[in-house]
Every structure is written in C-alpha cells, then in structure tokens.
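Have a look at the structure below before the remarks.
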Amino acid sequence: MQSFSKNAYSEYQHNVLRNIANSVAVAIDNAALYENLEEKVKARTDEVFSQKAIIEAKNKDITDSIQYAKKIQLALMSETQLFNETFKESFVLFRPKDIVSGDFYWATKRSRPL
C-alpha cells in the first residue's frame with residue numbers, strides 16, 4: 001500500500017503490513033523448499049529403483065550359480081540302488097535344506113577287492 005500523505009498509517013497498520021510481508025516471504029521460502037524436496041524425493045526414488053535392479057540381477061546370478069552347483073552335486077552322487085544292493089538294510093535320506101546340500105555321499109563298485 002502506498003500513500004502520499006505523511007503519517008497516513010497507524011502503528012497497528014504498519015505491524016499488520018509487516019506481518020503480511022513476513023508471511024508472504026515464509027510462504028515463498030516454503031514453496032521453494034517443497035519444490036526442492038520433490039526433486040530430492042524423485043532423485044532418491046530413481047536411485048532406489050536403480051539399486052533394486054542391480055540387486056535383482058546379482059540375486060539371479062547367484063541363484064543360477066547355486067542351481068548349477070546342484071546339478072554338479074547330483075551328477076556326482078551315486079545312485080541309491082548301489083547302496084541298497086551293498087547294504088541291504090540301509091536307505092539314503094537326501095533332503096537339502098535349500099538348493100544345495102552340505103552333505104555328500106558317494107559309493108562305487110570296485111572290480112577287484114582290496
């Protein structure tokens with residue numbers, strides 16, 4: 001507000017105008033901070049999705065490697081039939097906790113005795 005008269009406004013009116021000006025300044029600062037915050041949240045979200053994709057790719061590589069280790073382990077293990085023929089009252093209980101077992105059994109027939 002503007003007036004060409006001297007002392008046109010009272011102290012109360014000056015205080016009201018100062019308070020309004022301060023409120024407007026705070027609102028503008030808050031709007032700028034909010035805009036910055038939105039940009040930061042978007043950047044952080046993009047970063048999280050990027051890291052998630054990297055972790056998923058590494059997890060797939062690790063799982064594929066473990067599955068391959070399982071194939072190798074099963075290929076090296078003897079058939080349970082050999083155990084059943086050799087040890088009449090025996091059985092093999094092979095139940096890996098996850099994909100690959102830490103236990104390993106193996107048997108073979110020898111062509112000549114020791």
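The values are calculated or read from the model by the stated rules, or taken from the named source; none is laboratory data. Just so we're clear, the structure is a prediction, and the values are computed from it rather than from any experiment. Every residue, glycine among them, receives a Cβ derived from its backbone with ideal geometry; neighbour counts consider all protein chains shown. Keep in mind that these areas ignore ligands, DNA and RNA; they rest on the heavy atoms of the full protein, side chains included. Shrake-Rupley method; radii C 1.70, N 1.55, O 1.52, S 1.80 Å.
Out of A69, A53, A107, I need the residue that is open to solvent by less than 80 Å² (accessible area, probe 1.4 Å) and free of Cβ contacts under 8 Å to residues at least 24 places away in the same chain. Which one?
A53
Would you mind stating whether Y12 is exposed (fewer than 10 other Cβ atoms within 10 Å of the Cβ), without any contact (Cβ under 8 Å) to a residue 24 or more places away in the chain and not in a loop (DSSP other than H, G, I, E, B)?
Spelling it out, Y12 is indeed exposed (fewer than 10 other Cβ atoms within 10 Å of the Cβ), without any contact (Cβ under 8 Å) to a residue 24 or more places away in the chain and not in a loop (DSSP other than H, G, I, E, B).
Return the residue satisfying two criteria in turn: it lies in the range 31-88 and is under 30 Å from Y105 (Cβ atoms) and among the small types (G, A, S), and of such residues it is nearest to the chain's Cα centre (by Cα).
The extreme case among them is S65.
For the structure I just gave you, tell me whether L82 is aliphatic (A, V, I, L, M), assigned to a loop (DSSP other than H, G, I, E, B) and out of contact with any helix residue (DSSP H, G or I) (no Cβ under 8 Å at 6 or more places or on another chain).
So L82 does not fit the description; no.
Conditions tested, residue by residue: (1) open to solvent by 90 Å² or more (accessible area, probe 1.4 Å); (2) outside any helix (DSSP H, G or I).
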| residue | (1), (2) |
| --- | --- |
| S5 | no, yes |
| A8 | no, yes |
| R18 | yes, no |
| N36 | no, no |
| E39 | yes, no |
| K58 | yes, no |
| S65 | no, no |
| I99 | no, yes |
